[in-house]
Amino acid sequence: MGAAQARVNTASTAEGAAVLRAAGAAEPDPAVRNPDWMAARFVDWGPRLPALVKVPGARRLVPRIVERLLPGAYPFETARTRHMDDVLLAEVYGGVAQVVLLGAGYDSRPYRLAGRLRGARVFEVDLPELGAIKRAKVRRIVGEPPANVRYVEIDFTRDDLGERLAASGHDRDAATLYLWSGVAPYLPQEAVREVLGFVGSHGSPDTSIAFDYCFGEVVDGAEESYGSRELLARVESIGEPLRSGIPRGETAAFVGECGLRLESDLGPDDAVARHLTRSDGSLLGRPYGFGGLAHARVGASA
């Protein structure tokens, strides 16, 4: 796959997640509404399916279409966004000095939560090509970005994360929250361990990372779960296959080897109970059945 196609795939993946968040932000019930009210602004206009989320009357069609193509994707994105927002706000209220978005994509948190993040330095870390697209969109949507937001260019498979962050003013000894959304499963296992190990080597015991992962058994093809067959086929078709996972039930041990202590680990059923149940008790939908949402803090497990 050439560099030009890689850029297209990366931007397409970032936009796809934004489309799901934008559709979810239109849910009438706040109990299951995606909090990313800004997501639709990151989706480009044009005669194509993603632009439906920019049309209020047509936006409701998106979840149905997505469920046919990628079962579980729509509710999973809502659960992931809500969960990571909860972790972020809890850590900010707890006094973290820095927030790092690893593989930021079209994450709108630095802008839609700008007031709550005012007291922290925010680092958006991403590939140079996607970072340039993102900055152009931010300028169009909000004008000049908040003064506390810094952009860091990196290739996770080649560049040293610590060096890139340090050059942008990141303090490795200050309490930091890392958000790593929709990236780890697409990286080789050694690259995932390197990132988690970097976080685990921080000087502050208040430093932590929230990330999503796939079950290793599904990535390896040893088993199937809800939505896994369709997603695996889709990512293979665009040249971005899943490359790594964590064996089911072994998240604590996995992060412990990287100097981290597991604080929480939401599986599919937990996500339904916490983030996908409407006020009347009905469900927004069934999320992907092949992964979890983990939050781990500095300090190896006992």
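The values are calculated or read from the model by the stated rules, or taken from the named source; none is laboratory data. Keep in mind it's a predicted model, so treat the numbers as computed, not measured. Neighbour counts run over all protein chains shown; Cβ positions are idealised from the backbone, glycine included. The protein model used for the area step is the full one, side chains on, heavy atoms only, and it has no ligands, DNA or RNA in it. Shrake-Rupley method; radii C 1.70, N 1.55, O 1.52, S 1.80 Å.
Of the trypsin sites (Lys or Arg not before Pro) found in segment 78-185, the ones in coil according to DSSP and having at most 10 other Cβ atoms within 10 Å of their Cβ are ARG158. With Cα atoms defining each centre, segment 202-276 and segment 150-189 are spaced 18 Å apart in the structure. Between segment 12-65 and segment 74-148, the C-alpha centres lie 18 angstrom from each other. Computed over protein heavy atoms with a 1.4 Å probe, the accessible surface of segment 121-267 works out to 44 Å² per residue. With only the Cα atoms considered, segment 18-76 has a convex hull volume of 75 Å³ per residue. Charge dipole (Cα centre; +1 on Lys/Arg Cβ, -1 on Asp/Glu Cβ; no other charges) of segment 3-141 amounts to roughly 480 debye. At q = 0.23 Å⁻¹, what is the base-10 log of I(q)/I(0) for segment 63-131 according to the Debye formula with one equal point scatterer per Cα and no solvent? Please give it to two decimals. Each listed q corresponds, in turn, to -1.03.
Potential lengthening of the chain between ARG118 and ALA58 amounts to 18.1 nm, from the contour at 0.36 nm per residue minus the alpha-carbon distance. Straightening the chain between LEU69 and GLN189 buys 40.4 nm, computed as 0.36 nm per residue apart minus the Cα-Cα spacing.
Note on the chain: with charges restricted to the Cβ of Lys and Arg (+1) and Asp and Glu (-1), its dipole about the Cα centre is near 1340 debye. Dimensions of the chain based on its C-alpha atoms, expressed as ranges along the principal axes with the largest first, amount to 49, 47, 46 Å.
Rounded to the nearest 20, the Cβ-based charge dipole of segment 173-302 about its Cα centre (Lys and Arg +1, Asp and Glu -1) stands at 220 debye. Using the Cα gyration tensor of segment 115-194, with a ≥ b ≥ c the square roots of its eigenvalues, what is the shape: rounded (a/c below 1.5), prolate (a/b larger than b/c) or oblate (neither)? Because a/c hits 1.5 or more and a/b fails to exceed b/c, segment 115-194 counts as oblate. Expressed as a whole percent, the accessible surface of the chain that belongs to carbon and sulfur atoms is 51, based on a 1.4 Å probe. Dipole of segment 82-130 computed with +1 at Lys/Arg Cβ and -1 at Asp/Glu Cβ about the Cα centre; of LEU127, GLY103, VAL92, farthest Cα towards the positive end is VAL92. Restriction of the GluC sites (Glu not before Pro) in segment 192-251 to DSSP coil positions whose beta-carbon has at most 16 other beta-carbons within 10 angstrom yields GLU223, GLU224, GLU250.
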